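Novice: Can you read through this structure? Questions will come right after.
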Amino acid sequence: MADFSAYRFGSRTLNLSRPQVMGIVNVTPDSFSDGGTLYEARKLCVDQAVERARQMVADGATIIDIGGESTRPGAAAVSLAEELDRVLPVVERIQAELDVIISVDTSAPEVMTEAAKLGAGLINDVRALGREGALEAAAATRLPVCIMHMQGNPLSMQDAPAYADVIDDVGHFLQQRIKQCHAVGINNDQIILDPGFGFGKTVEHNLRLLNNLRQLQRFNLPLLVGTSRKSMIDHVLKRSVDQRLAGGLATVAIGVQQGGHIFRVHDVKETVDVVRMTEAILHERRLDND
Ligand code: PT1
C-alpha cells in the first residue's frame, strides 16, 4: 500500500491519507463586457474568484481548483489567449494571498507552464494530457498531475456513451495514460487518477463507477472524485443545478467509503462536514480536525 501521508504538490505538502476537499473556482464568465471596460470587468472577476477561494479555505478546502475553460457537456472551446487571461491573474492573487494548494484545471500546455511559474501545485487535466505537447509541458513543471477519463469530447460526449464494461474500460484507459506519463518522467508519486464522472457516461455508468471506485485502488495512486452539482444527481432526484447539494453530499459519503482521496466540490463547508462524519463512522471514533 502506498503511503500518501506527505503528498507533495510543488512547495506544499498534504496528508492524502485523510480525504481532502478541493474547492472549485470557475473563471468562465458569460461575458466580461457587460458594462464598464473590459479591464474593469476582468478585475472584478478576479476579485470575485479570490474572495470565493478565501471563503473556501476558511471552510476547510486544502486545494483550490482554478479553471478558465468550461468542460461541462456541450461547452464550447476557449482560445488559449482567453484562457491565459482568465486563469493566470487568479493563480497569482491566490498564491500571494492564501495558504492553499493551487490546482489549475487546464488542457493547454502553455497554461500549465505559466501557472506552474506562478506557484501552482497541481495540474488537473480532464483530457489526461492528451493535447499536443501537454505530456511534455506537465513533465517539465515537475508538479503532480490529475489524469481523468473521458469518452469523446465535451461537445459530444453525452450523445451516446457506451462501454463493454465501464469499470474495466476506465481502468484500461487510465493504465495507458499512466504508461505515457512514466515515459516522459512523470512518476507514480506525481499521478492522481479520476474516473471522470459525467464525462461520456450515462447515469448508470456514473453510479456504477462510484459504487465500485475501490477497484481503481489497485493502481496505488490517489483518487479524485468530481460529482458536485452534476446532472447524474438530476437524473436520480430531478433537481435543478442549485438544488443538488444533498444529492452531491451522498456521493461524497460513498466516495469516502470507497477510498476516494480528493473531493472536487462547489460546496466546501457542507462537504467537509460530510467527509469528517463519514470518516468518524468508518473509523468508529472522532478524528482530529486537521
Ligand atoms: C472532474 C471535473 C474536472 N469536472 C476533474 N476535473 C469538471 N479532475 C471540470 C454534468 O453532467 O470530475 N474531475 N473539471 C466539470 N465537468 C462537468 C461534467 C460538469 C459533467 C457537469 C457535468 O452536469
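The values are calculated or read from the model by the stated rules, or taken from the named source; none is laboratory data. Keep in mind that what you see is a predicted model, and the values were worked out from it rather than measured. Cβ sites come from the backbone with ideal geometry, for glycine too, and all protein chains shown count toward neighbours.
Novice: What pairs can you find where one residue is in the range 255-267 and free of Cβ contacts under 8 Å to residues at least 60 places away in the same chain and surrounded by fewer than 24 Cβ atoms within 10 Å (Cβ to Cβ), the other is of a type outside the set (Asp, Glu) and outside any strand (DSSP E or B), and their Cβ atoms are less than 6 Å apart, with a gap of 6+ or different chains?
Specialist: As it stands, the answer is Gln258/Leu213; Gln258/Arg214; Gly259/Arg214; Gly259/Gln217; Asp267/Leu245, since those pairs meet every condition given.
Novice: May I ask you to list pairs of residues, at least six apart or on different chains, whose Cβ atoms are under 9 Å apart, with the first in the range 71-93 being free of Cβ contacts under 8 Å to residues at least 40 places away in the same chain and the second being among the polar types (S, T, N, Q)?
Specialist: Glu83/Thr106
Novice: Could you check Arg208 against (1) touching a residue at least 12 places away in the same chain (Cβ under 8 Å); (2) away from the ligand (no atom under 13 Å from the Cβ); (3) charged (D, E, K, R); (4) under 25 Å from Asp3 (Cα atoms) and say which number it fails?
Specialist: (4)
Novice: When you go through (1) more than 16 Å from the ligand (Cβ to nearest atom); (2) more than 14 Å from Glu97 (Cα to Cα) one by one for Ala76, which number turns out not to apply?
Specialist: Status for Ala76: all satisfied but (1).
Novice: Of the residues Pro154, Pro144, Pro109, only one is buried (at least 19 other Cβ atoms within 10 Å of the Cβ), over 18 Å from Ser11 (Cα atoms) and at pLDDT 95 or above; which?
Specialist: Exactly one residue qualifies, and that residue is Pro109.
Novice: Can you tell me which of Ala77, Ala128, Ala96, Ala120 is of a type in the set (A, V, I, L, M) and not in a loop (DSSP other than H, G, I, E, B)?
Specialist: Within the list Ala77, Ala128, Ala96, Ala120, the selection yields Ala96.
So that you can scan it fast, the table gives a plain yes or no per residue for (1) surrounded by fewer than 17 Cβ atoms within 10 Å (Cβ to Cβ); (2) over 20 Å from Val268 (Cα atoms):
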position	(1), (2)
Lys43	yes, yes
Gln48	yes, no
Ala53	no, no
Asp59	yes, no
Ile66	no, no
Gly74	yes, yes
Ala77	yes, yes
Leu80	yes, yes
Leu88	no, yes
